[in-house]
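Q: Sending over a structure as structure tokens; questions will come in a sec.
Throughout, read-outs are computed from the coordinates displayed, never taken from laboratory work. Remember, it's a predicted structure, so these values are computed and weren't measured experimentally. Using ideal geometry, Cβ is built from the backbone for each residue, glycine included, and neighbour counts are taken over all protein chains shown.
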Amino acid sequence: MSNRTYSISPSTILSLVKKQSQVQIAFRRKLHQQPELSTQEYKTTALLKKEIQKLNLNILPTSMPTGLLVEIVGDSPGRTIAIRTDIDALPIVEQTGLPFASRNTGSMHACGHDMHMATIMGAVKILTKLRKDIQGSIRIIFQPAEEQPPGGARPMIADGALDDVDAILGLHVDPRVPTGKIGLRDGVTMASVTDFDLIIHGVGGHAARPQTAVDAIVIASEIVSSIQTIVSRQVDPIGSVAITFGMIQGGTARNVIADSVKLTGTARALSPADQKRLPKLIRRVAEKICQAHGARLEMNIIAGYPVLSNSISINKLFAQTYESLFGKGKIVETEPVLGGEDFACYLEHVPGAMVRIGVKNKKIGADKSWHHPQFIADEASLHYATALIVSSVVNFLNE
Ligand code: NI
């Protein structure tokens, strides 16, 4: 190895970030206008691919029709770091009134994945320019289907996204944190997700002759109520869990007793132990209630994500890098949330962390929660996020 010292100053990086900011904002708005749901991100992928091809970077083969796996191979050997952005949108009718609001009615970038893509694309352009001064390689994961378990992370990993990778960086916009600041938290920050269906098989009949039937609606109601006591009475109140049924389907007419009901639910936990226990507890409660009333239970676990746990050393990298760019006092410790993220799947294989990018700016209405139809992310945050990602990659590889 040569004894050349690799270093790129924060001011060099900040000026490169500034230079491309208008192009970056335009790119973000283009993405925002054409949101696509999980696994349907075809136009998004085409747009990303076009930009990557302009940069002459290697596109690695993947098994999914959407998403993109890209590599910047450094001119000198070294470690490999991965950076990941999700690319999908949500089934929400946008109500922001922004001039670049969704033109794909019923889909919306309401979780800021357009911001993530614009940040990562901006970072990739700068890192490509800087590659002579960087040791090692960068793997870029444009991952589809984050919002819909089983998610795109596991197929990406199976396709080799993490082969030879030493660490991974993730980011997520955060409307709780003001623009210009970032949020970090060591260890567990996001919940495990277990999506499941309960199907209650009863016996149908005439509404006026209940004695001849097994009413699946009555049984389902009891199950929904009783499962609330798992959270309040069976799990340690110091740990955090949530169980929600988002859909109930059953019945065909007012005067017909429903022979079956489907409950569609999701269980969240902040500890792997609770994650393991929850499906068992849910099954026990639902099964016993079905038995008591002469019905049969069918329980299907649809998919899940693990608990997301950030690496202390990668958080330190983020913190030191951010301070070197923007000074002290710009980092907050974010509270854990019961939302899930399949970025957690990568962290089962390599150390990494997800940094929270502050996008809160009340003056422009950027204070609504994720997944809200009026969710707005402050575009001024792109500058901070891009500089952070570029510098963190450089600092990690040239360390
Ligand atoms: Ni998200």
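Q: If I model a spin label at VAL23 and ASP186 as a point 7 Å from the Cα along the Cα→Cβ vector, what separation in nanometres do I get?
A: It works out to 4.0 nm between the two label points.
Q: Under a no-solvent Debye model with one identical scatterer per Cα of the chain, what's log10 I(q)/I(0) at q = 0.08 Å⁻¹?
A: Cα-only, vacuum Debye calculation for the chain: -0.48.
Q: Please list 47-60, 21-34 highest first by mean number of surrounding beta-carbon atoms within 10 Å per residue.
A: In descending order of packing, they fall as 21-34, 47-60.
Q: Can you list residues whose amide H is under 5 Å from LEU169's amide H, if they're 5+ apart or on another chain and H is modeled 1.01 Å from N?
A: So LEU169 has HN proximity to ALA82, ILE83, ARG84.
Q: Run the reach check for LYS316 against aspartates and glutamates, Cα to Cα strictly under 14 Å, same-chain hits fewer than 8 apart removed. What comes back?
A: Partners within reach: ASP186, GLU333, GLU399.
Q: Give the calculated FRET efficiency between ILE364 and LYS50 to the nearest 0.05, with a Förster radius of 25 Å applied to their Cβ-Cβ distance. Walk me through the numbers before you get to the answer.
A: On the way: r = 29 Å, r/R0 = 1.18.
That pair, ILE364 with LYS50, gives E of 0.25.
Q: How much length would be gained if the chain were fully extended between ILE238 and ILE59, taking 0.36 nm per residue of separation minus their Cα-Cα distance, in nm to one decimal?
A: 59.8 nm
Q: List the residues whose amide H sits under 5 Å from the amide H of VAL203, counting only those 5 or more places along or on another chain, with H placed 1.01 Å from N in the peptide plane.
A: VAL214, ASP215, ALA216
Q: Using a simple charge model, +1 on the beta-carbon of Lys and Arg, -1 on the beta-carbon of Asp and Glu, nothing else, what dipole does the chain show about its Cα centre, in debye to the nearest 20?
A: The dipole magnitude comes to about 820 debye.
Q: Still on this structure: Mind listing the phi-derived Karplus ³J(HN,Hα) values for the stretch 255-266, rounded to whole Hz, using 6.51, -1.76 and 1.60 with θ = phi - 60°, and x for any glycine or proline?
A: 9, 10, 6, 5, 8, 8, 9, 10, 9, 10, x, 9
Q: Something else about it: When the Karplus curve 6.51 cos²θ - 1.76 cosθ + 1.60 is applied with θ = phi - 60°, which whole-Hz ³J(HN,Hα) does each residue of the stretch 368-375 get, with x for Gly and Pro?
A: 8, 5, 3, 6, 8, x, 10, 4
Q: On a straight-distance basis, which lysines could pair with LYS363 in a cross-link, Cα separation under 28 angstrom, same-chain partners fewer than 8 positions away excluded?
A: The qualifying lysines are LYS18, LYS19, LYS30, LYS181, LYS328, LYS330.
Q: Put a dot 7 Å past each Cα toward the Cβ at THR212 and ILE301; how far apart are the dots in nm?
A: 4.1
Q: Tally the DSSP beta bridges in the stretch 50-181 and give the antiparallel ones as a percent, rounded to 5. Can you show the working numbers first?
A: Working: 10 of 22 bridges.
Percentage antiparallel, nearest 5: 45.
Q: For helix 113-129, what angle does its Cα long axis make with the longest principal axis of the chain, in degrees from 0 to 90 and rounded to 10?
A: 20
Q: Now, a different point. Dipole of the stretch 239-397, Cα-centred, from +1 at each Lys and Arg C-beta and -1 at each Asp and Glu C-beta, to the nearest 20 debye? The partial results should precede the final answer.
A: On the way: 18 positive and 13 negative charges, 93 e Å.
That gives the stretch 239-397 a dipole magnitude of about 440 debye.
Q: Could you check which residue among MET115, MET64, MET190 shows the biggest mean-square fluctuation in a GNM of the chain with a 10 Å Cα cutoff?
A: Comparing MET115, MET64, MET190 in the GNM, the peak value goes to MET64.
Q: Sorted by packing (mean other beta-carbon atoms within 10 Å per residue), highest first, where do 375-388, 309-322 land? Working shown, then result.
A: On the way: 375-388: 23.7, 309-322: 19.1.
So the order, starting with the most tightly packed, is 375-388, 309-322.
Q: Moving on to the next point. Give the relative contact order (percent, whole number) for the chain; include only Cα pairs under 8 Å separated by 6+ residues.
A: Normalised by residue count, the contact order of the chain is 24 percent.
Q: Moving to a separate point now. Give me the percent of DSSP beta bridges within the chain that run antiparallel, rounded to the nearest 5. Show your work: numbers first, answer last.
A: Numbers: 47 of 72 bridges.
Antiparallel: roughly 65 percent of the beta bridges in the chain.
Q: What angle, in degrees between 0 and 90 and rounded to the nearest 10, separates the Cα long axis of helix 42-54 from the longest principal axis of the Cα atoms of the chain?
A: Approximately 10 degrees, to the nearest ten.
Q: Now a separate question. Under 15 Å from the 7 Å Cα→Cβ point of ALA253, by amide nitrogen: which residues of the stretch 203-241?
A: The answer is 204-209, whose backbone nitrogens lie closer than 15 Å to the label point.
Q: With r defined as the distance between the Cβ atoms of LYS316 and HIS201 and R0 fixed at 45 Å, what FRET efficiency is calculated, to the nearest 0.05?
A: According to the calculation, E is roughly 0.25.
Q: Further question on the same structure: Given springs between every Cα pair under 10 Å in a Gaussian network model of the chain, which of ALA123, ALA216, ALA167 has the largest fluctuation?
A: ALA216
Q: Enumerate the aspartates and glutamates that LYS280 could reach by cross-link, defined here as Cα to Cα under 19 Å, with residues fewer than 8 away along the same chain left out.
A: Once the sequence-local aspartates and glutamates are set aside, what remains near LYS280 is ASP195, ASP197, GLU222, ASP236, GLU298.
Q: For HIS349, HIS201, what's the fewest-to-most ordering of other Cβ within 10 Å of each Cβ?
A: Arranged by neighbour count, lowest to highest, HIS349, HIS201 become HIS349, HIS201.
Q: Rounded to whole Hz and in sequence order, give me ³J(HN,Hα) for the stretch 97-109 from the Karplus expression 6.51 cos²θ - 1.76 cosθ + 1.60, θ = phi - 60°, writing x for Gly and Pro.
A: x, 5, x, 10, 5, 3, 9, 10, 3, x, 10, 8, 7
Q: Now a separate question. On a 0 to 90 degree scale, rounded to 10, what angle separates helix 272-293 from the longest Cα axis of the chain?
A: That works out to roughly 20 degrees.
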